[in-house]
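Inspection log for the structure reproduced underneath, given as structure tokens.
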Amino acid sequence: MIYVMYVVQGLFCLMAFGLFSGFFASKNVGLLFAALAFGGSAVASMWLVAWWPLGAGLILAWILRLLGMDPGHRA
């Protein structure tokens, strides 16, 4: 089960990297906050060796989305 957590931590790191690169391309502050949520939760989960920071980061990202911080669809 610990290996599943490591895989999810890696996916969260990849999402954070992708969101950071998207932020530098579009300068949308919502992407920066989402990248910090995903990256911070992945680092916290690695440091604590626990799964709950991943859930907290996912919930925080959804809250940011509900607040309208996502970039939306491209035309």
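A few notes on this one:
- Close contacts from the stretch 39-51, counting a first residue that is without any contact (Cβ under 8 Å) to a residue 24 or more places away in the chain and a second that is of a type outside the set (D, E, K, R) and outside any helix (DSSP H, G or I), with Cβ to Cβ under 9 Å and a gap of 6+ residues or different chains, come to Ala44/Ala50.
- Tally of residues being of a type in the set (A, V, I, L, M, F, W, C), out of contact with any Phe, Trp or Tyr (no Cβ under 8 Å at 6 or more places or on another chain) and either outside any helix (DSSP H, G or I) or closer than 13 Å to Met5 by Cβ (or both) across the stretch 48-66: 5
- Test: residue in the stretch 67-75 that is in contact (Cβ under 8 Å) with a residue 12 or more places away in the chain and either under 30 Å from Tyr3 (Cβ atoms) or of a type in the set (Val, Ile, Thr) (or both): no
- The residues listed here are Ser41, Ser45; of these, the one that is over 11 Å from the mean Cα position of the chain (by Cα), at pLDDT 95 or above, within 19 Å of Ile2 (Cα to Cα) and part of a helix (DSSP H, G or I) is Ser45.
- Residues that are surrounded by fewer than 16 Cβ atoms within 10 Å (Cβ to Cβ) and touching a residue at least 12 places away in the same chain (Cβ under 8 Å) were ranked within the stretch 26-38; the one that is nearest to the chain's Cα centre (by Cα) is Val29.
The values are calculated or read from the model by the stated rules, or taken from the named source; none is laboratory data. The structure displayed is predicted, hence computed values, not measured ones. Positions of Cβ are generated from backbone atoms using ideal geometry, with glycine treated the same way; all protein chains shown enter the neighbour counts.
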